[in-house]
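Enquirer: I am attaching a structure below and will ask some questions about it afterwards.
No value in this document is a laboratory result; all are computed from the given coordinates. Note that the coordinates shown come from a computational prediction; the quantities given were computed from them, not determined experimentally. Here the Cβ positions follow ideal geometry from the backbone for every residue, glycine too, while neighbour counts run over all protein chains shown.
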Amino acid sequence: MNTPLTSLVVICAIIVSSYQGKLRYDNYQVYRVIPENVEQLKFLNHLQADPGLRFWREVTTVNRHVDIMVPPDRVNEFLQLIRSKQMKPKLFKGVGTKNLHKF
């Protein structure tokens, strides 16, 4: 589901990344997660405080997707956490997860 806000967030992330020449995102992955109930929403709000995860969209309401950039060494942990709350993370394809800063 592409929305103007999603596109804007991706463009902003790209612009910020381009100004930091040495910042690299090799093998980072971006997942879309949709909280379907209040418990999942609270869990994502708590997870948002994790400095290793980059939330591209603020967690606000049930049934509104959240895009999260995950470093390669945290992918398995992240997926286990998300799935333990019965959420279904979807991997973004074609986002340039190998070198996000190039976009």
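Enquirer: Enumerate the amide H contacts of Tyr25 below 5 Å, restricted to partners 5 or more residues apart or on another chain; note that Pro and chain-start residues carry no placed amide H.
Expert: Residues meeting the amide H criterion: Leu100, His101.
Enquirer: Within segment 33-73, whose backbone N sits under 19 Å from a point 7 Å along Cα→Cβ of Lys90?
Expert: Zone members listed by number: 33-37, 40-41, 44, 55-70.
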